[in-house]
Amino acid sequence: MHFVLLAEHSADVCPMSNATTKDLLLQTAPEIPGIAQRNGVTIVAGPFVNREHVVVAVVEADRAESVDQFLVEARLAQWNSVRILPSLTMEEGMKQIVETKTVF
């Protein structure tokens, strides 16, 4: 299953302005692909960063718990509020729409 990760942080802990967070990110960023692999998580897209202090990534894993453990080990949850959105590809979503009985 795909998961869209939305990690949001405040300006005061942003690696662009906070030396502690910057050091943490510089230390852990090179390890993130290995941490993902170790937890059964494939990074499909991203991480993408922007000036809104939001990091967006799309990952794939068999279990949400694997994604959660990846976030903990990557230490992203220490300086971000992370939303994990289980998601489908457009094709999978369209198949569900076709197969689902409508309410109205």
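Brief remarks follow.
- Counting Lys and Arg as +1 and Asp and Glu as -1 over every other residue whose Cβ lies under 11 Å from the Cβ of Val41, the net charge comes to -3.
- Residues in the range 55-74 that a label on Thr42 would reach, taking backbone N under 18 Å of a point 7 Å out along Cα→Cβ: 57-68, 70
- Approximating the spin labels as points 7 Å out from Cα along Cα→Cβ, the Ser87-to-Cys14 distance works out to 2.2 nm.
- Calculated SAXS-style log₁₀ I(q)/I(0) at q = 0.18, 0.19, 0.23 Å⁻¹ - the range 1-96, Debye, Cα scatterers: -0.81, -0.89, -1.22
- With the helix formula -39500 (n - 2.57) applied to DSSP H stretches of n ≥ 4, the chain reaches a computed 222 nm mean residue ellipticity of -10000 deg cm²/dmol.
- Sparse-neighbourhood loop sites, GluC sites (Glu not before Pro) in the chain - DSSP loop, at most 12 other Cβ within 10 angstrom: Glu52
- Residues of the range 28-42 with amide N under 20 Å of the 7 Å Cα→Cβ point at Val56: 42
- Where trypsin sites (Lys or Arg not before Pro) in DSSP loops with at most 10 other Cβ within 10 Å are excluded, longest remaining stretch of the chain: 1-50
Throughout, read-outs are computed from the coordinates displayed, never taken from laboratory work. As the structure is a prediction and not an experimental result, all values here were calculated from the model. A quick note on method: Cβ atoms are made from the backbone with ideal geometry, for glycine too, and the neighbour counts reach across all protein chains shown.
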